[in-house]
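First up is the structure itself, then whatever we jot down about it.
The values are calculated or read from the model by the stated rules, or taken from the named source; none is laboratory data. Please read these numbers as outputs of a predicted model, since none were measured by experiment. Quick reminder, even Gly has a Cβ in these numbers, built from the backbone with ideal geometry, and neighbours come from all protein chains shown.
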């Protein structure tokens, strides 16, 4: 009887404790680096490279965003980049879980990235990107995961902030940086949009994890106090939208090839507001 | 008064505790003080509490209020309590959070406490902030989908022992309900000074994303308190 128990329990344990292709059980208990470590590296990158400032001649422009491409497959990713190039999007933003964390996934992603002079792209890290010690690969390809960029039209400037929530928390240093950035700079810009991987709200029955509620509370206070217009997230793999105050909260569909309802987000920034639509693939 | 209360098989309990800790969003050490009271009459119980922030980055002093109504049931020899609750969390001077829901609790097993329930969370922008930031009333509330609540506590000693040590795995505290995939751990110790007076000390540890995404430290706090059964 005892022998039988071992025969049943051992394979189950091995299955649970071993890594599958998309998940790494090690990451469930501890991380290769914590949120503060990653932010310090991101900030070092920011200090060396400065922030991107894009000036365009027209008053309206588009930014396309996607999340959860989970490369391996690259069909939808290629379409996402091609559409943005064909439609002259000002930039694209990849909101985490670009890969499953494996070096091979990063290699494939890197091969499919457009040339930066044909399409400006930005990226922030997701939880899957961090599995299998993935941060070092992310950092070597994309650099910082916590930064801001600015788009200048002839008469206005808009602020876009990318935050690293790949570890389920911003960490205290990144949060402090985010608050100070808004306190010192928000009033210099017309619109402010935040991109980050983890969705903040549970808007449908789902097992995808958002942040600790104390952190969500602090972020909601910041978004309201500093008039953040839009928060674009992914992680939940299924689109959802809601409004709280002056902030549009958007959760994107997963872009991954295996998703029957894959889509990306198109932001149309104009004089009146930021319009958005989902483009299905 | 006490005589008449006992005469009708009723009981009053008072409780107070202090939380001291820090986390990724607390900007240093926080200290919170909670006062709770409950009144039990036969199988019915009403409990209410208030939370005061003595030191925190929350500009409010009264930061939490909750009320719980419960009734004891027993099906065959399986005893359980059904609790309905409402929680107000005033986490900011601009917004607040409310939760209401139902949960079931049982101490049927001598060394375990099980709780299971569901809650509905709403974030609301208060009227002063609506006016200050020019926000439509229709955009002032965000309601989340239902959420699973749970608490599993394993105790070293039986429930009625004079002292005990337990370890909880839960997403629920008096004024905080996390998403079900965000469990926290609570190591707790209790000691009965007298038959009606219990001291307790909890250690809470919070790890963001544990068992689910990519675990990162979030915070901890200690809770020291006293329960008095009048």
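Quick notes
- Within region B:76-97, the set of residues being over 13 Å from the mean Cα position of the chain (by Cα) and within 14 Å of chain A (Cβ to nearest Cβ) comprises B:90, B:91, B:92, B:93, B:94, B:95, B:96, B:97.
- Within region A:203-219, considering residues that are facing chain B (nearest Cβ under 7 Å) and assigned to a loop (DSSP other than H, G, I, E, B), the one farthest from the chain's Cα centre (by Cα): A:205
- Residue B:142 being in contact with a strand residue (DSSP E or B) (Cβ under 9 Å, 6 or more places away or on another chain), over 30 Å from residue A:245 (Cβ atoms) and either surrounded by 15 or more Cβ atoms within 10 Å (Cβ to Cβ) or at pLDDT 95 or above (or both): no
- Flag if residue B:204 is more than 8 Å from every other protein chain (Cβ to nearest Cβ), modelled with pLDDT of 95 or more and surrounded by 19 or more Cβ atoms within 10 Å (Cβ to Cβ): yes
- Set B:191, B:150: member being more than 11 Å from chain A (Cβ to nearest Cβ), farther than 27 Å from residue A:211 by Cα and part of a strand (DSSP E or B): B:191
- Of all residues in region B:170-187, exactly one satisfies the criterion of being over 14 Å from the mean Cα position of the chain (by Cα) and more than 12 Å from chain A (Cβ to nearest Cβ), namely B:187.
- Residue tally, condition touching a residue at least 40 places away in the same chain (Cβ under 8 Å) and either surrounded by 13 or more Cβ atoms within 10 Å (Cβ to Cβ) or within 14 Å of chain A (Cβ to nearest Cβ) (or both), over region B:153-167: 6
- Which listed residue is away from every other protein chain (no Cβ under 14 Å) and part of a loop (DSSP other than H, G, I, E, B), from A:260, A:236: A:260
- Consider region A:113-134 and keep the residues that are part of a helix (DSSP H, G or I) and in contact with a helix residue (DSSP H, G or I) (Cβ under 6 Å, 6 or more places away or on another chain). The one that is surrounded by the most Cβ atoms within 10 Å (Cβ to Cβ) is A:129.
- Among the residues of region A:59-78, those identified as surrounded by fewer than 18 Cβ atoms within 10 Å (Cβ to Cβ) and in a helix (DSSP H, G or I) are A:75, A:78.
- Any hit, region B:127-139, residues being assigned to a strand (DSSP E or B) and either in contact with a strand residue (DSSP E or B) (Cβ under 6 Å, 6 or more places away or on another chain) or facing chain A (nearest Cβ under 9 Å) (or both): no
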